[in-house]
1. Here are the criteria: (1) within 17 Å of Tyr382 (Cβ to Cβ); (2) modelled with pLDDT under 95. Tell me which single one Ile253 does not satisfy.
2. Filter the stretch 217-226 down to the residues that are of a type outside the set (A, V, I, L, M) and either closer than 17 Å to Leu287 by Cα or surrounded by fewer than 13 Cβ atoms within 10 Å (Cβ to Cβ) (or both) and list them by number.
3. Take the residues in the stretch 307-320 that are aliphatic (A, V, I, L, M) and modelled with pLDDT of 95 or more, then tell me which one is surrounded by the most Cβ atoms within 10 Å (Cβ to Cβ).
4. Can you name every residue in the stretch 365-380 that is of a type in the set (Ser, Thr, Tyr) and modelled with pLDDT under 95?
5. Among the listed residues Phe343, Phe349, Phe378, identify the single one that is part of a strand (DSSP E or B), outside the structural domain of Glu98 (by TED's automatic domain parsing), touching a helix residue (DSSP H, G or I) at 6+ places or on another chain (Cβ under 9 Å) and on the phi < 0 side of the Ramachandran plot.
6. Checking the conditions here, which among Leu363, Leu334 is over 24 Å from Glu240 (Cβ atoms), in contact with a strand residue (DSSP E or B) (Cβ under 7 Å, 6 or more places away or on another chain) and assigned by TED's automatic domain parsing to the domain that holds Ile217?
7. Out of all the residues in the stretch 349-364, is one or more at pLDDT 95 or above, touching an Asp or Glu at 6+ places or on another chain (Cβ under 7 Å) and closer than 24 Å to Gly317 by Cβ?
8. With the requirement that a residue be assigned to a strand (DSSP E or B) and surrounded by fewer than 13 Cβ atoms within 10 Å (Cβ to Cβ), what does the stretch 240-256 give you?
Amino acid sequence: MDLKRARFLIVVIAFYGNICLNYSRSYAKLLYSNLQNICGLKMKKILLNNILILLLISCFTQIAYATEVKSTLAVMDFESIGSEEHLGRAVAEIIRTELVNTGQFVVLERSQLDKALSEQKLKKSGLIDDKSIINLGKLIGTNFIIIGSVLKIGTSYTINARMIDINTGAVSLGKSVSDNDLNHLTDLSHELLKSLVGANIKSKFSLIFEERFRDNIHGWYLFDDQDKRFDIVNGQYILESKRGGYWISSRNILLDQSSDFKIYMTIKKISGTDDYGFGMIWGGKNLNTYYIFVITGNGYFIHERTENGKAERILTGAHISINKGSGSSNILSLHKVGKNLEFYINNKFIGKTIFSPFFGDNLGCIIYSGNDKIAVGFTDIYVYGQ
């Protein structure tokens, strides 16, 4: 009977050991001394060893569990002040993605945040007062909320942000970051995030290729005749179809297809038809074998695979994120993420497919005009790899 009681008490001790992580060896001895009256001196060594082992196991269990607990974060859409409305959403989405990629945080989905904001009748973006933010954080069960703004003054864009600790109300101010080039939006957001949550946030990507068309250092095709024009003017690489057809210009850019990568291209429709596509080609082998991601002036996007002149349409549709008509600029981007290839327009996700191996290493620009005319300016190309 004494032995059964002793075993029962050991189980009780183990249970409380899981709760009381800081109990020491001296505490274990104290428990043991009380057990001696029940079990007798003969069980001294057995009981002491069992107690210490159980407490040690429980402590390590608690420590291991604690190391697996991740802080929960929510990122509100940033306020756009004097700038395009979509930029605030784009910055917030970049920050969410970076936080997820670190593996250090649990990041709430935007849909969860939107639902809570609607229920509380709060704005989905903007500089809400800190008290409302704390109440929102408690409602959705997050540890921290990041809010901020994208401010445009002249041609300069500045991103500001702060992170609020929901439990304590403490506010951490992020570093203000500025640039004149929207193609650096990802880098600016990354720099801002590091200042908020720590320098251990590391970018997965490095810049492999950059083209801003300030000159022709990369040797792009230049030509002008009755059918077409390829020219570099005022920081734009202009492709013009004067009498119909399609035209391609590309460079050989090596990418590790086994790793993730990102490709960004800024395009501006100058004039001409709205019914045909313009944008990027990649994975090209020659003028008849390549992949394309293009948009039209009337708001459609198209992703095709062309092999030996035969095109296979993979993704297509209209999308609200496309800036329409002549004079409008758009940013197209591809993100290889694991086995998938994701498509973005103006930093807004529009769809994904299974990644297909390249035919070759040609990457560049393409325009279509059918039997009409079109002129498009390509202003920036950035390629990031691992």
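The values are calculated or read from the model by the stated rules, or taken from the named source; none is laboratory data. Just so it is clear, the structure is predicted and the values come from calculations on it, not from any experiment. Don't worry about glycine lacking a Cβ; one is built from the backbone with ideal geometry, like all the others, and counts go over all protein chains shown.
1. (2)
2. Gly219, Trp220, Tyr221, Phe223, Asp224, Asp225, Gln226
3. The qualifying residue surrounded by the most Cβ atoms within 10 Å (Cβ to Cβ) is Ile314.
4. Thr379, the sole residue that qualifies.
5. Exactly one residue qualifies, and that residue is Phe349.
6. Result: Leu334 is the single residue among Leu363, Leu334 that is over 24 Å from Glu240 (Cβ atoms), in contact with a strand residue (DSSP E or B) (Cβ under 7 Å, 6 or more places away or on another chain) and assigned by TED's automatic domain parsing to the domain that holds Ile217.
7. yes
8. Asn252
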